[in-house]
Amino acid sequence: MVSERKSGLSELARLGFVSLSESAEKLQELSLLTGPIAEQTLIALSKSASPDQALDTLIRIANRDAASLKKVLNQPAAAERLCRVVGLSMGLADYIERHSDSLDIFLEPSALPHSLESICQSLNRVALRVEYRRAVLRVVDWDLSQTDFRLAIGPVTAKLSDLAGAALEGAIRLAKQELVSESKLTNIEASDIRFAVIGMGKSGARELNYVSDVDVVYVAESSAGDPVFIGSKIAARLAQVINEPGIEPGLWEVDPNLRPEGKSGALVRTLQSHIAYFEKWAESWEFQALLKARFLAGDKELGLAYEQALKPLIWSKADRASIVENARHLRKRVLDLIPSSERDSQIKLGRGGLRDVEFTAQLMQLVHGVADESLRVMDTLSSLDALAKAGLLSREDRDNFSLHYKTLRAIEHRVQLVKLRRTHLMPTDEVALLIIARSLGEGIKTEALKLLWQQTKSEVATLHESVFYRPLLGATAALSAGEVRLTDDEVLQRLVALGFMDPAGAKRHINSLISGVSRRATIQRTLLPVLLRWMAEGIDPDRALISFRRLSEALGETHWFLRMLRDSSGAAERLMTVLSSSAFVARMLERIPDTSAWFDDEALLFPRPQSDYENEMLAVLGRYDDKKQASEAIRQVRRRETLRLAIGAVLATLNLEQISLGLSEINDAYLRSMLAVAKRSQKSDLDICIIAMGRLGASEIGFGSDADAMLVYQDHDQSAQQIAEKITSDLLELVRDPLLPFELDLALRPEGKNGPRVKSLNAYTAYYEKWAEVWEHQALLKARPISGSNQLQSAFIELISKYRYPRELSAKAVVEIRRIKARIEAERLPQGADPLRHLKLGKGSLSDVEWFAQLSQLKFAHQHPALQTTSTIRALEEIVSLKLAGSEEVSLLREAWVFASRCRNALVLAVDKSADLLPLDLRQLEAMARILEYTPGSAGELEQDYLGITRRARGSYEDLFYK
């Protein structure tokens, strides 16, 4: 007997009772019915989700059958199992009260029901319902006895589906009996009819809830009468047998609304009618529903014939391209239809709910199952496993989806069990939440349940959105079945159709990528059909495939590369675009494969702050004492950052100004860092200033541009010149890069190639005072110091200012400038080059615009300081602002300069060679056009645009330059 201390209110509170005084009285009431309350009974009650509710139920049962109850309470394990069930489920508590003979279940070992024959062979409706609920009671008893609520989900949902099938089997038999006894069917009609129930949705997938509509489709055949008429009678009566109100409450609604034409369609169809509908009229969502179709009850041969005839149609649907869009639209529609009051409490339909997991798995099955039969499974957990095994879902995502799906199903089950009613709403009442929390495991409190619920929803929503909206899904769905499969017989034809110039070679690369049983090969088999299509949308799919193979071989063992291509939003398409469009980027990616990670995040394709990578370059000096090692490490940083800009240029995420400034800043940092290496090598701290000239000085360089510069130092020691020469020799050697060509060109220095490569500031002063010609003054317009002390930089700028911004430009100097320009046009163009097509020196191209701007600066910059800029574009803007030339004429020059600069960049990126002639080759022109954002097939349009823009610019140039 329980001591008075243990029956005290504080002890009841510790055991989990809520209504303490009432519970104490009810315990006394129970003791009067069953005898003294043993301590083991209190422990059993404390294990339940609601000790108060469990105690109420025990009293009700005792009033009906105290003897049977005492047998259970006398066995601690049986008592605990009983209290777990009735403490959670008032619905099952009512059932046990009505049918106390079911208490013997708790005297047997806890186990899922094995034989379902008693349900199938029930003598009447009441017996069928009683036997069904008795089996459900066994399932719930086993479920609540598990130590991990998630592990029970698979076996429970499968068994509940089997129970539904058995109930429908029994209902078909009873429906026929009732109809015959009522003379609504003849014995011949009832015995001849071949009637099958096809499970759909959760019943078809063997993943039913405790209380759920059972989605079905009916199919019938008969030689003794109209199968549709006879079958419809059986179907209608079957639903009444299952769920019509009666002495024993109905089980669940039989829902036939997934049938062809829904509620408007015939309740029952013949097999041929089903086939005809799906071949002609079915919509995408109906093919999605077919994924779960499974024979459930009735004529097995007919049911299996339905599966064999209908399910293959899922994978031969003609309009596959609409699958993804329709599925996404359907998911959005489901979300939109949820009442606002239910959105935060929906376990099934809400954001981050069960539907997000199910729709994700089903969409991926529909898209990829056409080529991979292993994906054609029905239940959600198996489909997640199959998708992971096929490499379409990462193992981590599979594990998270599965874990969260089981969590949500377990919560949903507990909520439904409370009243044994269909519901998908998380309760908001604190007492109800506590019952659900306790039913999931000992020690779980309300707050822990709330946190679990919110975290699960959030993580499911994130996972769903990352997978459900993958670009890869839409792209794969748009492929035909033949394109997806990559069979040996069809692959060569497809490669030719896609535009591969060497289909046999491409096939060898494909075989290399997909051969074997590794996870990498499995994922490649899935990715390649879509990747090939994206490659073919570029100009050179052959090169793209070769480069992709090399990248895959370099990165295939990394955890992130293939996952990025499969899971990222747009990474795979961006990578294929640049590999097919740019020989320059393809080559550099092969040399620096880790940079492929940038395609996962477009933000990484924008220029980094110069200080970041310059600090990285200078840090090399601390890591490497060896000059060769240090210089190679610095080169690698320049290559990487240049590649970043090149990718951004090809993908059109960067404009010309960003590219030019970015490249100039990279080269500035590169030269400063290499100068530091050279000075350390010579053990000198000589103050040397690199004066950037030309396009580098103007921060207007492009891919493949020369790096023009001059070198000046400041030191009065007589040995300084010799040291400066040694540093210069080292610098010129160090900056050379065979992988990403770079040469420091010092030809603009005083006396050109005949003069010393480096001079002191005093020497520059003397030279400019006595010997400098007008073209050298003009070249100084682009001079920009990028290294050396501030004092030396300022001194040099002060020195050259009076030469590049003279008080007055003489008429003789103007004539000389015009003479030199004419000579350049006549002599510097490569032999045989068409002057209309040269991007730098041709008519209306870069040279024309820059010489006009520079002549204007020489004439007017002293009087108008706003013109004192190294930038061509800013100089043109100031010329217009100062009304030194007409805005319309200058705008033509500006347009030509920008367009020619963009063409120059595009040409280098496309062919991976420094070139200045607009190509005659249509393939090269087309490659340029794609990079310049023209539509495919616009090579001729690009050519005409260039010729037209430069022709108009040449007219403006001649008017302005010779005015």
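For this structure, a couple of remarks:
- Long-range amide H partners of ASP745 with built H, under 5 Å: ALA707, ASP708, ALA709
- Kirkwood radius for the chain, taken over all pairs of different Cα atoms as the inverse mean of 1/r, rounds to 34.8 Å.
- Reciprocal of mean inverse Cα separation for the range 336-471 (Kirkwood radius, Å): 15.7
- Extending 7 Å from the Cα toward the beta-carbon at both THR765 and LEU425 defines two label points whose distance is 9.0 nm.
- Relative contact order, percent, the chain [alpha-carbon distance under 8 Å, six or more residues apart]: 7
- Given LYS280/LYS332; LYS726/LYS913; LYS300/LYS389, the pairs whose alpha carbons are separated by over 28 Å: LYS726/LYS913; LYS300/LYS389
- Dimensionless Rg/Rh of the range 262-406 - Kirkwood Rh, Rg from C-alpha atoms: 0.99
- Selection among LEU271, VAL620, LEU473 by position relative to the dipole of the chain gives VAL620 as farthest towards the positive end (Cβ unit charges, Cα centre).
- Here the range 51-108 and the range 141-213 have alpha carbon centers that stand 27 Å from each other.
- Average silhouette area of the range 367-435, convex hull of alpha-carbon atoms, in square nanometres: 6.0
- Restricting the range 257-350 to chymotrypsin sites (Phe, Trp or Tyr not before Pro) in coil, as DSSP defines it, with at most 14 other Cβ within 10 Å: TRP281
- Once the convex hull of all Cα atoms in the range 113-318 is built, its volume per residue stands at 119 Å³.
- On the chain, 50 percent of the accessible area sits on carbon and sulfur atoms, based on a 1.4 Å probe.
- Volume of the Cα convex hull of the range 309-373, divided per residue and given in Å³: 94
- Kirkwood Rh in Å, taken over the range 811-962 so that all alpha-carbon pairs contribute: 16.1
- For the range 831-842, the Karplus equation 6.51 cos²θ - 1.76 cosθ + 1.60, evaluated at θ = phi - 60°, returns couplings of 4, x, 6, 6, x, 7, 10, 7, 6, 9, 9, x Hz by residue, with Gly and Pro reported as x.
- About its Cα centre, the dipole of the chain is roughly 760 debye, where the only charges are +1 on Lys and Arg Cβ and -1 on Asp and Glu Cβ.
- Principal-axis tilt of helix 354-368 within the chain, Cα atoms, nearest 10 degrees: 60
- Under Karplus coefficients 6.51, -1.76 and 1.60, residue-wise ³J(HN,Hα) of the range 552-557 in Hz, glycine/proline x: 4, 5, 6, 10, x, 8
- Loop-located trypsin sites (Lys or Arg not before Pro) in the range 1-80 (DSSP state other than H, G, I, E, B) with a sparse environment of at most 12 neighbouring Cβ atoms within 10 Å: ARG5.
- Residue-normalised convex hull volume from the C-alpha trace of the range 499-582: 79 Å³ per residue.
- FRET efficiency, 1/(1 + (r/R0)^6) with R0 25 Å, evaluated for THR147 and LYS389 via beta carbons: 0.35
- Using the 1.4 Å probe convention, the accessible area of the range 811-962 works out to 45 Å² per residue with neighbouring protein chains retained.
- Computed magnitude of the charge dipole of the range 820-963 (debye, nearest 20; Cβ of K, R +1, Cβ of D, E -1): 340
- Amide H contacts for VAL216 (H built 1.01 Å from N in the peptide plane; partners 5 or more residues away or on another chain; cut-off under 5 Å): MET200, ASP255, ASN257, LEU258.
- Where GluC sites (Glu not before Pro) fall in DSSP loop in the range 716-797, at most 13 other Cβ within 10 Å: GLU743, GLU751, GLU773
- Relative to the dominant Cα principal axis of the chain, helix 811-827 is inclined by about 60°.
- Gyration tensor (alpha-carbon) shape descriptor, the range 680-728, a/c threshold 1.5: prolate
- Average accessible surface for the range 236-331: 45 Å² per residue, computed with a 1.4 Å probe over protein heavy atoms with every protein chain in place.
- Table column - 3J(HN,Hα) (Hz), the range 948-963, Karplus curve with 6.51, -1.76, 1.60, x for Gly and Pro: x, 5, 6, 5, 5, 5, 5, x, 5, 4, 5, 5, 8, 5, 9, 5
- Per residue, the solvent-accessible area of the range 76-146 (1.4 Å probe, heavy atoms of protein chains only, all protein chains present) comes to 36 Å².
- Alpha-carbon centroid distance for the pair the range 504-578 / the range 877-936, whole angstrom: 33
- For the chain, the longest principal axis of the alpha carbon atoms and the long axis of helix 761-770 meet at an angle near 50°.
- Each Cα pair of the range 27-115 feeds into the Kirkwood radius, which the Stokes-Einstein equation turns, at 37 °C and 0.692 mPa s, into a diffusion coefficient of 260 µm²/s.
- The range 56-157: C-alpha gyration tensor shape, a/c 1.5 cut-off, then a/b vs b/c: oblate
- Shape of the range 605-804, Cα gyration tensor, a/c cut at 1.5: oblate
The values are calculated or read from the model by the stated rules, or taken from the named source; none is laboratory data. Note that the coordinates shown come from a computational prediction; the quantities given were computed from them, not determined experimentally. Heads up, the Cβs are rebuilt from the backbone with ideal geometry, glycines too, and the neighbour counts pull from every protein chain shown. All accessible areas refer to the heavy atoms of the entire protein, side chains included, with ligands and DNA or RNA removed. Shrake-Rupley method; radii C 1.70, N 1.55, O 1.52, S 1.80 Å.
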